[in-house]
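The values are calculated or read from the model by the stated rules, or taken from the named source; none is laboratory data. Computed from a predicted structure; not experimentally measured. Note that each Cβ is placed from the backbone with ideal geometry, even for glycine, and that neighbours are counted across all protein chains shown. Just the protein is used for accessible areas: all its heavy atoms, side chains included, with ligands, DNA and RNA removed. Shrake-Rupley method; radii C 1.70, N 1.55, O 1.52, S 1.80 Å.
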Amino acid sequence: IVLLEADLLLYDELELDSKKAIELFPSHPTFYYFNGIANLQLKKYNLSINAFKDGINYIINDNYLLSDFYQYLGDAYHHINDNISSDNSFEKALSYNPNNTYVLNNYSYYLSLRETRINDAEEMILKALDFSPNNKSYLDTYGWILFLKKDFINAEKWLKKALTISLEKDGTILEHYGDVLFHLNNINDAVYYWGKAIDNG
């Protein structure tokens, strides 16, 4: 049931059923994992953090699962603006699985949003792109880092590729593309893409 609810993105049901499963199987990390994901998606970030922190105690000899737990802890801490705990969680996730592309992207992007450790962020996102060169989110992150480095010409190239793959339906990518066009003095097109960004949420 929990697996089906996760696949169908039924997060309210997933939160309730994973909580019941934890009561029945309190030493099984999988149910803490799904409870943490459900609460993360429902924006109940402190409950999500508690679930992942509790579940970690029951993981034995599974570095990939530990990496997954810490990656979502990193996300949850980011959403409550606890940057130190978020960064520490992402570092632990990478210590268990250095090739976790989800972490390499999110950690990189969150650093770029704070405009800190930009060189580290660039190194991580390039590693993620080595594994997944056509992932729109990873392309967007790299384009945004180039934008922050004021390399607007190359930023435009990478963001345009992300835009093409996303079929111009991702509001964040559309906004970023508008930003880089603005800095390339292409004002009319920038306004056009900002408008599309609004239309896409």
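Structure above, values below:
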{"read-out": "Cα long-axis angle, helix 45-56 against the chain (0 to 90 degrees, to the nearest 10)", "value": "60"}
{"read-out": "Calculated FRET value between LEU9 and ASN99, using beta carbons and R₀ = 25 Å, to 0.05", "value": "0.40"}
{"read-out": "Cα-centred dipole magnitude for the stretch 115-201, charges only on beta-carbon of K, R (+1) and D, E (-1), debye, nearest 20", "value": "160"}
{"read-out": "At most 16 other Cβ within 10 Å, DSSP loop - trypsin sites (Lys or Arg not before Pro), the stretch 111-168", "value": "ARG114, ARG117, LYS149, LYS150"}
{"read-out": "Shape call, the stretch 1-79: gyration tensor on alpha carbons, a/c limit 1.5", "value": "oblate"}
{"read-out": "Estimated Rh, the stretch 51-144: Kirkwood, alpha-carbon pairs, angstrom", "value": "13.3"}
{"read-out": "HN-Hα J in Hz across the stretch 2-7 - Karplus 6.51, -1.76, 1.60, θ = phi - 60°, x for Gly and Pro", "value": "4, 4, 5, 5, 5, 5"}
{"read-out": "Student exercise, the stretch 69-139 dipole from Lys, Arg, Asp, Glu Cβ charges, in Debye to nearest 20", "value": "140"}
{"read-out": "Stretchable slack from LYS169 to SER85, in nm (0.36 nm times residue separation minus alpha-carbon distance)", "value": "27.0 nm"}
{"read-out": "In degrees, nearest ten, helix 187-199 long axis to first principal axis of the chain (Cα)", "value": "20"}
{"read-out": "Net +/- balance of residues flanking LEU104 in space, Cβ distance below 13 Å, scoring K and R +1, D and E -1", "value": "-4"}
{"read-out": "Cα-centre dipole for the stretch 1-87 with unit charges at Cβ (Lys and Arg positive, Asp and Glu negative), debye to 20", "value": "180"}
{"read-out": "Positive dipole terminus of the chain, leading residue within LEU73, ILE125, ASN135 (C-beta point charges)", "value": "ILE125"}
{"read-out": "Accessible area per residue, Å², the stretch 76-143 with all protein chains present, probe 1.4 Å", "value": "47"}
{"read-out": "Solvent-accessible ranking of ILE145, ILE118, largest area first, probe 1.4 Å", "value": "ILE118, ILE145"}
{"read-out": "Most mobile listed residue (GLU23, GLU15, GLU168) in the chain, GNM with C-alpha springs under 10 Å", "value": "GLU23"}
{"read-out": "For the stretch 142-201: rounded, prolate or oblate by the Cα gyration tensor [a/c cutoff 1.5]", "value": "oblate"}
{"read-out": "GluC sites (Glu not before Pro) lying in DSSP loop within the stretch 76-147, provided at most 11 other Cβ fall within 10 Å", "value": "GLU115"}
{"read-out": "Taking N as its residue count, the alpha carbon Rg of the chain over 2.2 N^0.38 Å", "value": "1.13"}
{"read-out": "Helical contribution to [θ] at 222 nm, DSSP H n ≥ 4, -39,500 (n - 2.57), averaged over the chain, rounded to 500", "value": "-24500 deg cm²/dmol"}
{"read-out": "Cross-link reach list, lysines versus LYS196, counting only Cα pairs under 21 Å and skipping chain neighbours closer than eight places", "value": "LYS136, LYS157, LYS160, LYS161, LYS169"}
